[in-house]
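The values are calculated or read from the model by the stated rules, or taken from the named source; none is laboratory data. Quick caveat: nothing in here was measured; it's all calculated off a predicted structure. Cβ: placed from backbone, ideal geometry, glycine included. Neighbour counts: every protein chain shown. We work out accessible area using only protein heavy atoms, side chains counted, and drop any ligands, DNA or RNA first. Shrake-Rupley method; radii C 1.70, N 1.55, O 1.52, S 1.80 Å.
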Amino acid sequence: MAENLYVTSTERKSGKSIISLGLTEMLIRNVDKVAFFRPLIYLDSDLKKKDKDINLISGYYNLDVPYDKMYGFSTKEANEMLSRGKYDELIEKIVEKYKQLEEDYDFVLCEGTDFEGSTSAFEFDINADIANNLGCPVVLSANAYHRTEDDVIRSVEASLESLNEKHCQVVAIIVNRAENGDEIVAKIKDNPLVKDSLVFSIPNVTSLQCPTVREVAEALDARVVSGQMKLNRHVEGFGVAAMQLWNVLTRISNGEMVITPGDRADVIVGCLSALSSSYMPSIAGLILTGGLIPQEPILKLIEGYDEKIPILSVKENTFETARSADNVRAAIDPDDSIKVAQALETFEKNVQLTQLREKIIKTKVSIVTPKMFEYRLLKRAQTQKQHIVLPEGDDERILQAAEILTRRDVVDLTILGNEKAVRDKIAKSGLQLDKVSILSVPDNEVFEDYAQTYYELRKHKGIKLDNARDNMSELSYFGTMMVHKGDADGMVSGAANTTRNTLRPAFEFIKTKKEFSIISSVFFMCLPDRVLVYGDCAVNPEPDADQLAEIAIASSQTAMTFNIQPIVAMLSYSTGDSGVGEDVEKVKQATQKARKLAKKYSMDLKIEGPIQYDAAIDPGVAQKKLPDSEVAGRATVFIFPDLNTGNNTYKAVQRSAGAVAIGPVVQGLNKPVNDLSRGCTVADIVNTVAITAIQAQAEKKNSQ
């Protein structure tokens with residue numbers, strides 16, 4: 001039987017989505033298969049538009065649950081059944097849909113109703129009934145925003161009475177958006193209805209209440225005139241521009257959407273011009289009212305700002321638009337990494353997760369799932385913070401990742417680039433990076449020392465001091481020298497630079513470890529039920545037998561660093577003695593050499609080769625092809641015979657199996673330098689920085 005939990009609230013806008021997000025994050029670290037279920041969802045039109053909370057949880061955590069299985073009924077359908085006196089049938093059918101999930105998942109997190117529409121009058125009771133019939137313990141969310149302490153306590157009491165009448169066990173009460181949380185928590189704990197429930201409070205975070213431009217567009221039924229790629233920008237407020245331009249420019253604010261008639265060319269041009277000025281606020285976008293489209297020259301001008309600012313057009317007049325805009329309800333979009341990180345940070349700082357977890361989780365699983373792996377990366381990096389340098393400060397993805405990393409307190413960061421340009425980009429993007437050091441190159445005080453050091457290290461190769469200064473002006477060289485000199489513990493680059501540009505400085509003066517003749521790389525392949533290690537898929541095109549053996553040992557060491565037990569498969573197109581050929585012979589020799597190296601380094605490794613991929617991973621195939629092997633069917637580390645095979649295989653698995661590929665993780669260097677794909681996401685950068693920090697921790701431990 002699945003474990004489960006039910007999140008319900010005292011009234012509408014009680015912050016259930018933040019609590020559900022935080023709970024899912026907590027659950028997914030400890031439970032293999034998690035599902036999300038909403039018994040009733042409120043839709044004001046039809047079922048074509050997805051429920052926002054289902055979209056958030058399933059989208060952000062990539063839950064493999066079909067959308068139609070994640071809810072019972074719409075409130076419209078529920079009301080039709082209730083009007084026919086079919087309350088019991090409604091509950092029964094909700095239980096039936098829930099049971100379908102329970103069979104396939106280890107934990108089901110349920111979220112109650114929204115207190116919207118005509119069902120809100122008896123939603124205390126229906127939520128309690130559903131929780132009781134599903135056998136769910138309950139987390140109760142209370143809204144404290146613009147409420148007195150007495151109002152909050154009364155609403156909690158009313159909800160607890162309904163839940164207690166249905167014999168529901170309330171494991172926790174979370175008072176959300178509280179200004180005086182400690183006082184409210186103390187009074188709630190004194191209430192006898194609370195019994196042994198945990199009680200927490202979460203403060204109001206204004207930015208979490210800010211809608212995105214996309215939400216504004218959807219709420220206003222607006223047409224996107226320009227800036228399709230900027231619709232995730234947050235809107236901190238709205239301002240009506242009906243005055244002359246000079247008055248408008250004195251009143252616009254950062255993060256504001258400016259509402260103006262579509263024929264006000266002066267306002268449109270002025271607002272666009274303000275984007276190019278470092279002295280003017282950075283607005284979130286424009287809303288053009290009255291269904292009026294600017295004249296052709298203005299449209300041409302707008303086209304030039306397509307990648308900088310979103311512009312919407314609505315049919316309603318300015319007054320109606322302003323009134324509707326003020327009523328837009330913010331939600332958290334799964335693609336909004338900044339808001340998700342902020343919500344998780346707020347939840348984790350104010351809810352004692354250890355206590356809560358002990359209340360609601362009775363069983364833990366040992367399988368390392370991708371989300372567990374990613375979470376453990378961040379947590380392990382946090383245990384002994386390292387200093388990582390990011391040399392690509394002009395890339396917005398790097399800056400977004402830097403904010404997430406600093407918010408989660410994962411590492412200390414230095415970003416390289418023109419300091420003024422980087423800070424302007426940070427301000428324009430609305431990011432908070434006050435704790436991050438930003439260094440300009442080459443006008444930095446350590447530049448000459450770095451150039452001199454590089455000259456001394458490379459003069460035997462014919463490098464002159466002027467050449468050394470030129471090279472050190474390149475940000476990858478400067479960042480790598482920071483690592484070499486101990487001014488940083490590791491470097492991550494490659495979002496904009498090629499692999500060659502990222503790793504060449506490391507080859508030149510960080511060098512490989514004394515036990516290795518080459519550097520290599522691995523990918524952590526996060527499959528739905530486990531994490532595997534693939535090497536080498538990024539660096540060495542045609543490794544010989546000696547190099548292949550080194551790659552196997554280095555990959556095994558990397559696996560152990562990240563708490564994955566290395567069971568090594570040396571891959572080939574044949575298994576055991578079934579095939580012959582030069583390539584098979586190379587793998588045979590590499591396997592023998594890898595076993596000898598493992599003994600030399602006192603590593604207790606299980607290594608098999610040559611072996612085909614299916615025999616290495618599938619127990620059924622392994623039993624037929626290599627029945628006596630300790631590796632076949634159980635492999636966790638897969639060593640490919642060449643780069644062509646490895647690179648294509650990891651990409652095939654990534655795309656076909658829906659696996660998350662984290663890497664390449666460079667191994668064999670004296671100090672960690674890691675390369676990013678130029679198509680990397682913000683999440684890729686966050687994970688790679690955490691991996692680099694853990695590698696730095698391991699290097700320091702080994703050197704002691």
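Filter segment 155-169 down to residues that are of a type in the set (D, E, K, R) and part of a helix (DSSP H, G or I) and give me whichever is farthest from A128 (Cα to Cα).
E157
Quick one: I367 ticks every box in (1) open to solvent by 30 Å² or more (accessible area, probe 1.4 Å); (2) modelled with pLDDT of 90 or more; (3) within 23 Å of the chain's Cα centre (by Cα) except a single one, so which number is it?
Here I367 clears every test but (2).
Quick check, is I298 open to solvent by 10 Å² or more (accessible area, probe 1.4 Å), modelled with pLDDT under 85 and farther than 23 Å from N232 by Cα? I'd like the intermediate steps shown before the answer.
Working: open to solvent by 10 Å² or more (accessible area, probe 1.4 Å): yes; modelled with pLDDT under 85: no; farther than 23 Å from N232 by Cα: yes.
Spelling it out, it is not the case that I298 is open to solvent by 10 Å² or more (accessible area, probe 1.4 Å), modelled with pLDDT under 85 and farther than 23 Å from N232 by Cα.
Tell me which residues, restricted to segment 213-253, are surrounded by fewer than 16 Cβ atoms within 10 Å (Cβ to Cβ) and under 32 Å from the mean Cα position of the chain (by Cα).
E218, A219, D221, R223, Q228, M229, G237, S253
Does segment 522-542 hold any residues that are buried (at least 22 other Cβ atoms within 10 Å of the Cβ) and either within 20 Å of L605 (Cα to Cα) or modelled with pLDDT of 95 or more (or both), and which are they?
Result: V522, F523, F524, V531, L532, V533, Y534, G535, D536.
Can you spot a residue in segment 336-357 that is open to solvent by 30 Å² or more (accessible area, probe 1.4 Å), part of a loop (DSSP other than H, G, I, E, B) and under 16 Å from A683 (Cβ atoms)?
Checked against the condition, which is being open to solvent by 30 Å² or more (accessible area, probe 1.4 Å), part of a loop (DSSP other than H, G, I, E, B) and under 16 Å from A683 (Cβ atoms), segment 336-357 yields no hits at all.
I'm checking my understanding of the structure. Among residues of segment 254-279 that are closer than 29 Å to L56 by Cα and open to solvent by less than 50 Å² (accessible area, probe 1.4 Å), which one is nearest to the chain's Cα centre (by Cα)? Don't jump to the end; show me each part of the working.
As a first pass, look at segment 254-279 and keep what is closer than 29 Å to L56 by Cα: 254-259.
With the extra rule that they be open to solvent by less than 50 Å² (accessible area, probe 1.4 Å), the set shrinks to 255-259.
Numbers: G255: 23, E256: 26, M257: 27, V258: 31, I259: 33 Å.
This residue is G255.
Among (1) under 17 Å from K230 (Cα atoms); (2) within 28 Å of the chain's Cα centre (by Cα), where does I360 come up short?
(1)
Please find, within segment 60-96, the residue that is modelled with the highest pLDDT out of those that are crowded, with 16+ Cβ neighbours inside 10 Å and small (G, A, S).
Among them, the one singled out is G72.
Sort out which residues of segment 499-525 are part of a strand (DSSP E or B) and closer than 17 Å to L676 by Cα, and write them in order of number. Spell out how you get there, then give the answer.
Filtering segment 499-525 down to residues part of a strand (DSSP E or B) leaves 512, 520-525.
Within segment 499-525, S520, S521, V522, F523, F524, M525 qualify.
Going through segment 380-407 one residue at a time, which ones are open to solvent by less than 10 Å² (accessible area, probe 1.4 Å), under 18 Å from A693 (Cβ atoms) and outside any helix (DSSP H, G or I)? Show your work before the answer.
First pass over segment 380-407, keeping only residues open to solvent by less than 10 Å² (accessible area, probe 1.4 Å): 381, 386, 388-393, 398-399, 401-403, 405.
Within this subset, residues satisfying the condition of being under 18 Å from A693 (Cβ atoms) are 381, 386, 388-392, 398, 401-403, 405.
Across segment 380-407, the qualifying residues are Q386, I388, V389, L390, P391, E392.
Is segment 550-561 home to any residue that is within 29 Å of T499 (Cβ to Cβ), touching a strand residue (DSSP E or B) at 6+ places or on another chain (Cβ under 7 Å) and not in a helix (DSSP H, G or I)?
no
Report, ordered by the first and then the second residue, all pairs with beta carbons closer than 6 Å, sequence separation of six or more or different chains, a first member in segment 182-200 that is within 14 Å of V139 (Cα to Cα) and among the hydrophobic types (A, V, I, L, M, F, W, C), and a second member that is open to solvent by less than 20 Å² (accessible area, probe 1.4 Å) and in a loop (DSSP other than H, G, I, E, B).
F200/V351
Which members of segment 559-583 meet the condition of being over 13 Å from L626 (Cα atoms) and free of Cβ contacts under 8 Å to residues at least 40 places away in the same chain? Before you say what the answer is, go through the steps one by one.
Applying the first criterion (over 13 Å from L626 (Cα atoms)) to segment 559-583 yields 559-568, 570-573, 579-583.
Once the filter is applied, which keeps residues that are over 13 Å from L626 (Cα atoms) and free of Cβ contacts under 8 Å to residues at least 40 places away in the same chain, segment 559-583 yields M560, Y573, G579, V580, G581, E582.
Just give me the residues in segment 295-335 being in a helix (DSSP H, G or I) and either within 15 Å of the chain's Cα centre (by Cα) or of a type in the set (G, A, S) (or both), in sequence order.
Those that are in a helix (DSSP H, G or I) and either within 15 Å of the chain's Cα centre (by Cα) or of a type in the set (G, A, S) (or both): A322, S324, A325.
Considering only segment 429-445, state which residues are open to solvent by 70 Å² or more (accessible area, probe 1.4 Å) and more than 15 Å from A402 (Cα to Cα).
D443, E445
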